[in-house]
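Below is one structure; the comments refer to it alone.
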Amino acid sequence: MDPSRYADLFRTESREQLSALNRALLALEQGEAMREPVDAIFRGVHTIKGMSATMGYTAVAEFSHELESLLDKVRTGEQGLTAELMDALFAAADALEDGIEAAREDDALSPAMKRVLERLHDVAGGRATAEFRVARPSEAFRVTSEFSAALGVVDATPAPVGAAASGPTASGPTASGPTAKLRVVQSASTLLPGVRAFMIVQRLRELGEIIASTPSVDVLQAATTPQRFEVHLSTSAGAAELERAVRSAGDVDEVTVALSAIAPTAIAPAAVAAAARPDFRRRVTDVDEGDDLTSTSERATPVAARTRHVRIELSRLDALLDLIGELVIVRGRLGAITRALALPALQEAMTDATRLIGDLQTEIMTSRLVPVGQVFDRFPRLVRDVARQLGKDVLLSIEGKEIELDRSVLDEIAEPVVHLLRNAVDHGLELPEVREATGKPRAGRLTLSAQRDRSSVLVTVRDDGKGIDRARVLTRAIELGMVAPSTVQLDDETLLRCIAQPGLSTAEQVTDVSGRGVGIDAVQSRVRTMGGSLEVSTESGVGTTVTIRLPVTLAIVRALLARVGNERYALPLTHVRETMERMPATIRQVQGRDVLVLRDEVLPVLRLRDVVRLPPGQEPVMEEIVVIERGDRRAGLVVDELTGQEDIVVKSYDAVRDGMALFSGATILSDGAPALIVDVASLL
Amino acid sequence: MAPTVLICDDAIFMRTMVGDILTQAGFEIVGEAETGVQAVEKYRLLRPDLVTMDIVMPDMGGIDAVRAITKLDPNAKVLMCSAMGQQSLVVEAIQAGAKDFVVKPFQPSRVLEAVQRVLG
């Protein structure tokens with residue numbers, strides 16, 4: 001078997017375990033009921049240990065073993081939880097993560113891992129038991145005695161299953177009758193020899209009653225090296241039967257059986273009693289002995305998942321998406337040809353094909369949707385670390401974890417959100433003393449939420465910090481010539497435009513005073529390349545809210561096709577509110593500017609022709625208007641003609657990065673012609 | 001007919017590996033379980049010839065699952081999968097009715113030996 005086949009699986013699953021582990025650590029730190037998180041942490045580390053040992057990743061295996069031993073002490077209450085220990089455990093989770101990423105076969109503990117282990121042991125007061133090394137004979141004695149000591153303090157336990165009670169007599173050794181003396185030698189390669197020895201003893205109990213065993217059964221049971229031992233039992237079984245029973249327990253090198261018809265003279269009551277006493281020193285779960293399955297499963301129902309899952313490599317899903325994208329384009333072209341040919345049979349087949357391709361597209365898009373929780377779950381840890389580093393108290397709440405986004409959108413969104421969270425903790429939320437002085441609770445509230453809004457998803461980061469200092473931003477913006485010197489007040493839109501300027505946002509003094517700005521430009525450009533938009537609202541002393549609006553999927557979006565002159569443009573529906581034909585009365589002049597009067601609203605009017613800087617053409621007979629919106633802002637966009645709606649496949653478009661803010665990408669239309677995708681949000 | 005197996009482990013990694021070893025040896029994997037509760041439910045449904053059972057699982061540990069399975073079917077053949085350092089737990093599992101055990105990291109030959117012993 002070649003374990004390298006399993007390397008990917010190992011990493012993927014270890015990452016999942018780590019993320020669950022970090023969640024549990026946070027829950028533990030927040031003082032939630034102690035047992036569940038500790039159990040979850042223990043299980044995660046245990047699973048990683050098992051997998052890494054299988055892969056031959058020695059460092060991770062050894063590290064997780066040490067960690068597991070310590071956690072076991074926490075679990076049993078032997079080791080108390082302190083703030084220092086929590087910090088050390090977080091550090092251990094990080095070290096484990098690094099270790100997993102760097103894992104190689106037969107590797108040794110990295111210096112970082114060693115440091116973390118030392119710290120853990122320091123904090124925990126002495127070394128955790130190192131059972132992983134138990135296999136080494138030199139340590140066997142220590143462990144054995146510890147094991148026996150533990151046995152000594154076990155409370156009275158229920159009768160063992162299938163042990164003494166199932167023997168031929170339940171009332172102690174028989175006073176007379178045939179006996180057998182067996183000498184057993186275990187194979188040198190035996191793993192967990194104690195268990196094998198125990199199994200041998202158990203098989204023998206099925207054939208008779210044990211009179212004595214040298215060493216005693218509990219010593220055998222605790223053995224960590226292969227044993228040679230003697231068992232004396234009262235039995236009427238034959239030699240062959242006894243030998244078969246012993247061998248059936250596995251890993252037996254030699255068995256010799258000596259039968260005797262004489263009654264045993266020396267009985268070792270201590271050994272017998274010990275043999276009958278099961279080891280209940282440790283339990284995996286706290287399910288009571290008497291519990292039946294029903295009560296256990298009732299307790300466990302919330303976790304039970306019924307759907308079946310198959311793991312697929314992400315690249316396969318991406319390939320499927322590319323293919324369906326191409327197929328959608330071809331479908332458009334076929335549709336056009338079919339309409340031109342006007343053959344009823346062809347049209348019918350085309351209708352079916354269109355429906356099937358549509359269904360296929362929905363299925364593929366749906367299969368790519370992932371709950372945002374998958375990414376959001378990483379953030380509590382991050383916020384905690386940043387807050388601790390800065391000496392701030394932060395209460396993070398996450399809402400809408402179940403909202404789904406396309407995998408690729410989700411991957412892209414992580415970094416901007418991290419930016420916003422860091423900003424909020426660093427520049428938005430005040431220090432506890434400052435908050436207290438201004439009558440706020442010491443702990444700042446930070447909310448990260450996701451919600452669905454028609455065909456888009458809103459991701460919001462909200463803090464109750466000091467807000468952005470508009471006056472300072474205004475001063476800087478005037479200095480830098482971003483706004484007219486006469487400006488007296490920055491509204492939210494202008495404020496965002498200002499702080500999203502690289503020049504202003506990186507200016508240190510503004511960052512320090514204004515409370516925000518670091519990297520907003522980076523966030524905005526990233527969000528824009530995704531076809532999304534950014535909104536900011538802030539109130540001095542009350543807090544700041546940043547909202548990212550995203551399309552649910554990046555790859556295929558529904559768009560309006562608009563013609564201006566001979567050019568065609570795609571307008572994604574994400575920001576389109578409605579469309580209308582231009583009636584003479586709809587556009588009016590107010591103070592020399594065109595405005596659109598829509599019901600009781602007056603909206604500014606933009607002409608796509610001007611926006612894309614096409615030369616003025618002949619005034620068309622009739623124009624059409626697209627009402628676009630972003631947040632509360634709306635405008636009318638005048639185009640020569642709307643030629644239809646189409647699912648477009650977004651191709652990334654490098655020019656966007658160079659500051660060509662107007663277009664968010666390019667696409668191939670169903671007739672094969674290329675078209676630019678207008679970033680409607682940027683027009684507002 | 002190939003002997004049927006139910007694999008119980010909370011790690012996909014481990015299930016895949018055990019599954020590969022047993023499939024190559026001609027067994028038919030009829031089910032997988034991620035928790036003790038699932039293991040018992042699937043045992044009830046599938047009645048496999050062999051069960052491989054991890055000790056540490058969420059929901060209900062492997063030992064309690066063995067206990068429940070043995071109660072359902074006294075002849076159930078359960079093979080425990082253990083990590084190093086779980087000696088006392090394996091003993092407990094055997095007392096609970098498991099027939100044999102293997103130790104992680106798995107060596108295919110050892111897994112198959114244990115399986116042969118269990119199936120007799």
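Quick notes on this structure:
- Measuring between alpha carbons in the structure, the pairs from A:Lys181/B:Lys71; A:Lys49/B:Lys99; A:Lys114/B:Lys99; A:Lys73/B:Lys99; A:Lys73/B:Lys104; A:Lys49/A:Lys181 lying more than 32 angstrom apart are A:Lys181/B:Lys71; A:Lys114/B:Lys99; A:Lys49/A:Lys181.
- Label-point gap, in nm, between A:Ala484 and A:Thr362 - each point 7 angstrom along Cα→Cβ: 5.2 nm
- Computed label-point distance, nm, for sites A:Arg599 and B:Ser109 using a 7 Å Cα→Cβ extension: 8.0 nm
- P(r) tail for the stretch A:543-610: Cα pairs beyond 19 Å make up 53% of the total.
- Cα point-scatterer Debye curve for chain B, base-10 log of I(q)/I(0) at q = 0.17 Å⁻¹: -0.72
- Among A:588-601, A:56-69, A:382-395, sorting by the average number of other beta carbon atoms lying within 10 angstrom of each residue, highest first, gives A:56-69, A:382-395, A:588-601.
- Under 5 Å, built H, 5+ apart or other chain: amide partners of B:Gly31: B:Val5, B:Ile7
- Inter-chain Cβ neighbour count for A:182-195, averaged per residue, equals 3 (cutoff 10 Å, partner chain atoms only).
- Residue by residue along A:42-50, Cβ atoms of other protein chains within 10 Å of the local Cβ number 6 on average.
- FRET efficiency estimate (nearest 0.05) - Cβ-Cβ, A:Thr225 to B:Thr23, R0 51 angstrom: 0.90
- Estimated FRET transfer efficiency (B:Thr4, A:Glu578; beta-carbon r; R0 60 Å; 0.05): 0.50
- Here the gap between A:Ile337 and A:Leu431, fully extended at 0.36 nm per residue and compared with their Cα-Cα distance, gives a gain of 27.2 nm.
- Residues with amide H under 5 Å from that of B:Cys81, placed H, sequence gap 5 or more: B:Met53, B:Asp54, B:Ile55, B:Val102
- Cβ-based exposure ranking for B:Cys8, A:Cys498, in which fewest neighbours within 10 Å come first: A:Cys498, B:Cys8
- Using the Cβ-Cβ distance between B:Leu119 and A:Val310 with R0 = 41 Å, the FRET efficiency computed as 1/(1 + (r/R0)^6) comes to roughly 0.90.
- Mean projection area, nm², convex hull over Cα of the stretch A:377-468: 6.2 nm²
- As a rough guide to protection, the peptides A:470-478, A:87-95, A:359-367 ranked by mean Cβ packing within 10 Å, highest first, stand as A:87-95, A:470-478, A:359-367.
- Distance in nm between pseudo-label sites at A:Thr438 and A:Val185 (7 Å out along the Cβ direction from Cα): 8.1 nm
- Neighbouring Cβ atoms from other chains, within 10 Å of the Cβ of residues in B:75-84, number 3 on average.
Values quoted throughout were computed directly from the atomic coordinates according to the rules given, and no laboratory measurement underlies them. Note that the structure is predicted; figures quoted are calculated from it, not measured. Reconstructed Cβ throughout: ideal geometry from the backbone, glycine too, with neighbour counts over all protein chains shown.
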